[in-house]
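So the structure is just underneath, and the comments pick up after that.
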Amino acid sequence: MGHKLLMIIVACTLMAGAKSKFEDIDRLIEKVKVQRQGLTKEQIAKLKNPFIDQRTLKKIVIEQKIVKAKKKRFVLRLLSIFNDRAKINGRWYKKGAKIGPYRLSYIDPNHAYVILQTKHKQLRLFLRKRKHSLFKISDGRKR
């Protein structure tokens with residue numbers, strides 16, 4: 001008999017806790033059921049269409065491509081020459097290396113310049129005397 005009484009007390013306690021949870025859920029459901037006020041038909045008619053038509057979209061894309069093409073600028077600076085290597089824009093390159101659209105075709109340590117080439121264009125980059133350096137290691141022969 002003691003076990004039955006204990007079981008009844010536990011069941012009543014659980015049901016009392018469960019009942020309060022259901023009441024909270026019921027109140028939430030009642031709040032959701034209340035009809036909300038939206039926009040009137042006149043207000044909706046005054047709204048601007050959020051979607052872009054194809055012609056306007058093409059114009060925007062073309063304008064962005066033109067702006068990007070104008071902003072593209074490739075600056076090359078010869079910083080130093082060391083034997084058969086040249087430091088351009090902070091990186092060391094050997095003859096034949098590719099730098100952007102150009103290929104390093106010639107390094108002249110005596111006159112402190114390099115030649116960069118593409119199929120249609122040739123650039124000469126010179127060292128500035130004050131800011132950059134020219135290194136040459138002698139091979140032991142007297143000149």
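Brief remarks follow.
- Inside the stretch 42-59, residues that are of a type in the set (Asp, Glu) and either in contact with a helix residue (DSSP H, G or I) (Cβ under 9 Å, 6 or more places away or on another chain) or not in a helix (DSSP H, G or I) (or both) make up a count of 1.
- Residues of the stretch 96-126 classified as assigned to a strand (DSSP E or B) and basic (Lys, Arg), total: 3
- Yes/no for Lys65 being at pLDDT 80 or above, of a type in the set (Lys, Arg) and part of a helix (DSSP H, G or I): no
The values are calculated or read from the model by the stated rules, or taken from the named source; none is laboratory data. Treat the numbers as computed from the prediction; the structure is a model and nothing was measured. Every residue, glycine as well, gets a Cβ built from its backbone with ideal geometry; the counts of neighbours run over all protein chains shown.
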